[in-house]
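Everything below concerns the one structure shown next.
The values are calculated or read from the model by the stated rules, or taken from the named source; none is laboratory data. The shown structure was predicted, so the numbers you read here are calculated from the model rather than taken from an experiment. We place every Cβ from the backbone using ideal geometry, glycine too, and count neighbours over all the protein chains shown. Side chains are part of the model used for accessible areas, which takes the heavy atoms of the whole protein and leaves out ligands, DNA and RNA. Shrake-Rupley method; radii C 1.70, N 1.55, O 1.52, S 1.80 Å.
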Amino acid sequence: MTEPKKLLIRNPRDAYSQALIQLGQENPNVVVLDADLALSTKTKRFGTLFPDRFFDMGIQEANMMGVAAGLACAGKIPYVSTFAAFATGMTYNVIRQSICYADLRVKIVATHGGISVGGDGATHQMLEDIGLMRALPGMTVVAPVDSTEMEHAVKAVAAAQGPCYIRCGRADVPELPVEEPRRFELGKAQVFRPGTDVTLIGTGTMVFECIEAAERLDEERIDARVVSMPTVKPLDVATVIAAARETKGIVTAEEHSVVNGLGSAVAEVLAENHPTRLARIGAQDTFGESGDPAILMQKYGLTAADIAARARAIVAGPPGAKRVPEAKR
Amino acid sequence: MPYDDAVIHELEVKSLAARRLIIDAVHHAGSGHPGGSLSVIDILVSLYFAHLHHDPRNPDWEMRDRLILSKGHSCPAQYACLAMSGYFPIADLKTLRKAGSHLQGHPARGKTPGVEFNGGSEAQGLSGAVGMALAIRLDKRPGRVFCVLGDGECQEGQVWEAAMAAAHYKLENVTAILDRNGLETDGPTEEIMAIEPIADKWRAFGWHVIEVDGHSHRQILEALDAAKEIRGRPTILIAKTVKGKGVSFMEGSLSWHGKAPSEGEVVKATTEFDLYEKRLRQSYEEKVGVRP
């Protein structure tokens, strides 16, 4: 057994804050809005450094989105933050009508997505935000895997002419063990680990669960490909189809409902292009609850063990079929 | 600055011309909102032809004033003003709501020149106005931002969020105009969800309030001028209007909120417009002592 790598642990919200500050220094048109959660979303530091360009609107998310739209109309580059539930829920019609239908370059960076928000409970554990945003024409939707990717994504969307949505969770996240410098491209997935038996496609921090699942499957001689797919819209269709062609099936994993998120996006591509066995790991059309994040991830089926189980079933074939002989290396 | 009779008369002539275009456009579209367009038209004519700093040949002019029609369903009125100003050909008005036309059923930024912000869902325009005003102030530009609201629209929470924000940010470069015609789709506002005392509410939210007759160009313009002198807070004109104003069978009527006039109804309206045009000219000539 190899020595576990010492992984750097960071918080994506800190990375967001740092990226914002850098953008703010480079471009005087970057402005930031928040809704009384600047300490949590970490936009506060931008506000301290650039008070004229920071608008903490208080608890009025719908207005905040409309104000962001107005700022964008008048030449500014707005980054708007609050918790995912409020960023996409309280505001949906404003995002749709004032922002997306006008193709405005508003960047919504939402924190506290997913169930690992923990103690605050279901009202704060947003599990439908990717779905809501994905449904909007012209919207780019990204769930970065770690803090470095968060920084890249925040900077990558600065130049985007249309609206963007980036989401992260609340918790600290290890850095993905890849070589630096990182390459990040909006709309492109990265094959973290090649494999031929089954493909595990994760978005956001669920990529780490996919990696651990692949290590478990290794022990059973199942060779799993692991793909990190931070951009849910536009989806990297080529990578999905390649996985369908080259492996026996796909397991998607997201800290989000299985309805309308990454899993659904992948299902759409497969059904139209290359029907393939698919299992969607995510919240099974349910709300969350208060609890310790690790316990909740287990209770709601969002762990490496859950991913590995579905992968195993895909490799084993349809129920009743003979078990597939050990995969060749 | 007092507005002389000649200027006011010109605006009344323009309002009448715009009313003809509104009725014609909605008729050709086969659907649309004549009632609210007719109640707001005198406000828009005052703005477009005697108050806004704007350049129809250059809709993106950085120094311009911006107008957001938050009560977006009344866009036939805005489209008439934009066309008459020269943002696009008047003939385009006959394509309102038709597939492929830039004249959408509710204002669409990026489609129609002169439209600053999408309209249609009520209550989002004032938020946009706040955002634009903040940007303009950051850049130290001279432009002002105008937002025209409906009274039914004032039932929506986001309007009050934006009102709160405008006052909080001391946005003296924001001026709102409330088209207080008293009616919404399902009935009078005060029966559906009472908004009175509406002037008090805006004052309580930190706005300077001026009440005007929404069909008097002079009162509207004098109030807009007064708003320019107010420091440290935004201003709202509460403009008392009549829904359907200018067409006798539409005035004060609920059924003309969202219905297109038929051929026969257009003829009736036109007859009334023609009569009014004559009276307008005669009374002006009497006023200024022109030989008939």
Next on the checklist: List the helices (runs of 4 or more DSSP H) inside segment A:1-75, counting only whole elements, that have at least 3 residues being among the acidic types (Asp, Glu).
Outcome noted: none
Next on the checklist: Restricting to segment A:242-265, name every residue that is closer than 17 Å to A:Ala143 by Cβ and free of Cβ contacts under 8 Å to residues at least 40 places away in the same chain.
Outcome noted: A:Val258, A:Gly263
Checklist outcome for this item: Residue count, segment B:137-150, condition surrounded by 24 or more Cβ atoms within 10 Å (Cβ to Cβ) and either at the interface with chain A (Cβ under 7 Å from one of its Cβ atoms) or without any contact (Cβ under 8 Å) to a residue 12 or more places away in the chain (or both), comes to 0
Checklist entry - Quick one: what pairs do we get from segment A:14-35, first residue closer than 21 Å to A:Glu149 by Cα and more than 14 Å from every other protein chain (Cβ to nearest Cβ), second in a strand (DSSP E or B) and at pLDDT 95 or above, C-beta under 7 Å, 6+ apart or different chains? => result A:Tyr16/A:Val109; A:Leu20/A:Val32; A:Leu20/A:Tyr79; A:Leu23/A:Val30
Checklist outcome for this item: Expected output for segment B:43-69 (first residue free of Cβ contacts under 8 Å to residues at least 24 places away in the same chain, partner not charged (D, E, K, R), Cβ below 6 Å, 6+ apart or cross-chain) is B:Asp55/B:Trp61
Next on the checklist: If I go through segment A:73-90 residue by residue, how many of them are more than 7 Å from chain B (Cβ to nearest Cβ) and open to solvent by 10 Å² or more (accessible area, probe 1.4 Å)?
Outcome noted: 6
Next on the checklist: Return the residues of segment A:91-123 that are of a type in the set (Ser, Thr, Tyr), assigned to a loop (DSSP other than H, G, I, E, B) and within 14 Å of chain B (Cβ to nearest Cβ); say none if nothing qualifies.
Outcome noted: A:Thr91, A:Tyr101
Checklist entry - What is the number of the single condition among (1) more than 8 Å from chain B (Cβ to nearest Cβ); (2) in contact with a helix residue (DSSP H, G or I) (Cβ under 7 Å, 6 or more places away or on another chain) that A:Met57 does not meet? => result (1)
Checklist outcome for this item: Restricted to segment B:131-154 and to residues being among the aliphatic types (A, V, I, L, M) and part of a helix (DSSP H, G or I), the residue farthest from the chain's Cα centre (by Cα) is B:Leu138
Checklist outcome for this item: Within segment A:242-265, residues being closer than 26 Å to A:Leu132 by Cβ and either polar (S, T, N, Q) or open to solvent by 20 Å² or more (accessible area, probe 1.4 Å) (or both) number 5
Checklist entry - Is segment B:117-136 home to any residue that is more than 12 Å from chain A (Cβ to nearest Cβ), over 23 Å from B:Ile230 (Cβ atoms), open to solvent by 10 Å² or more (accessible area, probe 1.4 Å) and in contact with a Leu (Cβ under 6 Å, 6 or more places away or on another chain)? => result no
Checklist outcome for this item: Counting only helices (runs of 4 or more DSSP H) entirely within segment B:155-234, those with at least 1 residues that are within 14 Å of chain A (Cβ to nearest Cβ) are B:157-168
Checklist entry - Do we have A:Met65 as out of contact with any Pro (no Cβ under 6 Å at 6 or more places or on another chain), surrounded by 20 or more Cβ atoms within 10 Å (Cβ to Cβ) and closer than 15 Å to A:Ala110 by Cα here? => result yes
Checklist outcome for this item: If we ask which residues in segment A:128-163 are among the hydrophobic types (A, V, I, L, M, F, W, C), surrounded by 24 or more Cβ atoms within 10 Å (Cβ to Cβ) and in a loop (DSSP other than H, G, I, E, B), their number turns out to be 2
Next on the checklist: Just to be sure before I move on: is A:Arg216 assigned to a loop (DSSP other than H, G, I, E, B) and either on the phi < 0 side of the Ramachandran plot or open to solvent by less than 50 Å² (accessible area, probe 1.4 Å) (or both) in the structure I sent?
Outcome noted: no
Checklist entry - Among the listed residues B:Ile68, B:Ile41, which satisfies the condition of being of a type in the set (Val, Ile, Thr), open to solvent by less than 20 Å² (accessible area, probe 1.4 Å) and assigned to a helix (DSSP H, G or I)? => result B:Ile41
Next on the checklist: Cβ-Cβ under 6 Å, sequence separation 6+ or interchain: first residue in segment B:265-292 and on the phi > 0 side of the Ramachandran plot and open to solvent by less than 90 Å² (accessible area, probe 1.4 Å), partner part of a helix (DSSP H, G or I) and at pLDDT 95 or above. Which pairs?
Outcome noted: none
Checklist entry - Name the residues in segment A:68-87 that are under 15 Å from A:Asp103 (Cα atoms) and without any contact (Cβ under 8 Å) to a residue 60 or more places away in the chain, would you? => result A:Ala68, A:Ala69, A:Gly70, A:Leu71, A:Ala72, A:Cys73, A:Ala74, A:Gly75, A:Lys76, A:Pro78
